[in-house]
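The values are calculated or read from the model by the stated rules, or taken from the named source; none is laboratory data. Computed from a prediction, not measured in an experiment: that's the story for all the values here. In this analysis, Cβ positions are derived from the backbone assuming ideal geometry, glycine residues included, and neighbour counts consider all displayed protein chains. Just so you know, the surface numbers come from the protein's heavy atoms only, side chains and all, with ligands and any DNA or RNA stripped out. Shrake-Rupley method; radii C 1.70, N 1.55, O 1.52, S 1.80 Å.
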Amino acid sequence: MTIKAQEARLWQKVKKNLTKFHLTRIESSTINGIPDIHAANHDHVFWIELKSDEANYPKLNKWQIVWINKYIKAGGKVIILDETLSKRSLKLYKPVSVFTDPRSLEPRCSFSAPFNWPRIQQQLVMQLQETA
């Protein structure tokens, strides 16, 4: 299965289970690096980048790193949901400052399959409430 197909499957899980958020999948061929999902709830507006592969860190390309860094610098929030298929795990990352190497990012929390989506949703809200 291709990485694009794996991320599409992760999107289906996110769309079905993150019910406390309004989620819009963005597919852009005009803006390099824009995250996969625009999200909002009563208190927060943010972006979610989906990753689903075998890496132990979110494999972001240079365009994604630049976009995320500029958005955070402007005061925005970005969450990275990184699914490691072989380990059947999902990690939540919240970059808060400029980074150049995605391997330097530390997960804020990690979940094992089968995923407890209410808990993931709760942790996501908690991360959004944190100030940098």
(request) Take the cross-link list 51/77; 59/94; 16/91; 16/87 and give me the ones stretching past 20 Å between alpha-carbons. (result) 16/87
(request) Could you go through the stretch 95-106 in sequence order and give the Karplus-derived ³J(HN,Hα) for each residue, using 6.51 cos²θ - 1.76 cosθ + 1.60 with θ = phi - 60°, rounded to whole Hz, and x for Gly and Pro? (result) x, 10, 8, 5, 9, 10, 10, x, 5, 7, 6, 10
(message) Give the aspartates and glutamates reachable from residue 4 as a straight Cα distance under 16 Å; neighbours fewer than 8 places away on the same chain don't count.
(response) 27, 36, 49, 53, 54, 82, 83
(request) Just check the stretch 31-132 against the gyration tensor rule for me: Cα atoms, a ≥ b ≥ c as the square roots of the eigenvalues, rounded for a/c under 1.5, and otherwise prolate or oblate depending on whether a/b exceeds b/c. (result) oblate
(request) Quick one: order 36, 82 from most to least accessible surface, probe 1.4 Å. (result) 36, 82
(request) Have a look at 71, 42, 116 and report the one farthest towards the positive end of the charge dipole of the chain, computed about the Cα centre with Cβ charges (Lys/Arg +1, Asp/Glu -1). (result) 116
(request) Would you compute, from DSSP H runs of 4+ residues alone, the mean residue ellipticity of the chain at 222 nm, taking -39500 (n - 2.57) per run and dividing by the full residue count, rounded to the nearest 500? (result) -9500 deg cm²/dmol
(message) Explain nothing, just compute: Karplus ³J(HN,Hα) = 6.51 cos²θ - 1.76 cosθ + 1.60, θ = phi - 60°, for every residue of the stretch 56-66 in order, whole Hz, x for Gly and Pro.
(response) 8, 8, x, 7, 8, 8, 4, 5, 5, 4, 4
(request) Quote the charge dipole size of the stretch 1-89 about the Cα centre in Debye, to the nearest 20; the model charges only the Cβ of Lys and Arg (+1) and of Asp and Glu (-1). (result) 100
(request) Return the sequence-ordered ³J(HN,Hα) values of the stretch 22-28 in whole Hz as given by the Karplus equation 6.51 cos²θ - 1.76 cosθ + 1.60 applied to θ = phi - 60°, using x for Gly and Pro. (result) 8, 10, 10, 6, 10, 10, 10
(request) Please list, in chain and number order, the residues 5+ apart from residue 56 or on another chain whose amide H is under 5 Å from its amide H, with Hs placed from the backbone. (result) none
